[in-house]
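Trainee: First, the structure itself, so that you have it in front of you.
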Amino acid sequence: MKTLTWIALILLIVGGLNWLLVGAFNFDLVAAVFGDMSSLSRIVYILVGLAALCILFMSAKLTRSIDSRSATVSSRSAY
């Protein structure tokens, strides 16, 4: 699971940097490398989107885990 998280994080960073290039310079690096909406570029876009969903799920899971730990610590310190 740890490897999947790292891959998702790297893909999310790549996608974010690509959007930075699109927004700042009107340059789509994925389209420049793989072709404008070619099969390969569509796969890259899909993988980046799936990575975003994976990280979103993981961050929600992490937040619940942190909240439950802090609640446990708070209840222990009350005694």
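No value in this document is a laboratory result; all are computed from the given coordinates. Remember, it's a predicted structure, so these values are computed and weren't measured experimentally. Heads up, the Cβs are rebuilt from the backbone with ideal geometry, glycines too, and the neighbour counts pull from every protein chain shown.
Trainee: Which far-off residues, 5 or more places away or on another chain, put their amide H under 5 Å from the one on residue 38, with H placed in the peptide plane?
Mentor: none
Trainee: About the Cα centre of the chain, how large is the charge dipole given +1 on each Lys and Arg Cβ and -1 on each Asp and Glu Cβ? Please answer in debye to the nearest 20. Don't jump to the answer; show the numbers that get you there.
Mentor: On the way: 6 positive and 3 negative charges, 104 e Å.
Dipole magnitude for the chain comes out near 500 debye.
Trainee: Now for a separate question. Read phi for every residue in region 58-69 and hand back ³J(HN,Hα) as whole Hz from Karplus 6.51 cos²θ - 1.76 cosθ + 1.60, θ = phi - 60°, with x for Gly and Pro.
Mentor: With the stated coefficients, region 58-69 comes to 5, 5, 5, 5, 5, 4, 4, 5, 5, 4, 5, 5 Hz.
Trainee: To the nearest 0.05, how large is the calculated FRET efficiency for residue 20 and residue 53 if R₀ is 22 Å and r is the Cβ-Cβ distance?
Mentor: 0.60
Trainee: Take the Cβ-Cβ distance between residue 38 and residue 10 as r, set R0 to 22 Å, and report the resulting FRET efficiency rounded to the nearest 0.05.
Mentor: Numbers: r = 22 Å, r/R0 = 0.98.
The formula returns an efficiency of 0.55 here.
Trainee: Okay, moving on. Select one label from [x] 1.25; [y] 0.93; [z] 1.27: the one whose number is Rg/Rh (Cα atoms, Kirkwood Rh) as derived from the coordinates shown.
Mentor: Comparing each candidate, only [x] matches the computed number.
Trainee: In whole Hz, what ³J(HN,Hα) sequence does region 23-32 give by Karplus (6.51, -1.76, 1.60; θ = phi - 60°), x for Gly and Pro?
Mentor: Couplings: x, 7, 10, 6, 10, 9, 5, 4, 5, 5 Hz.
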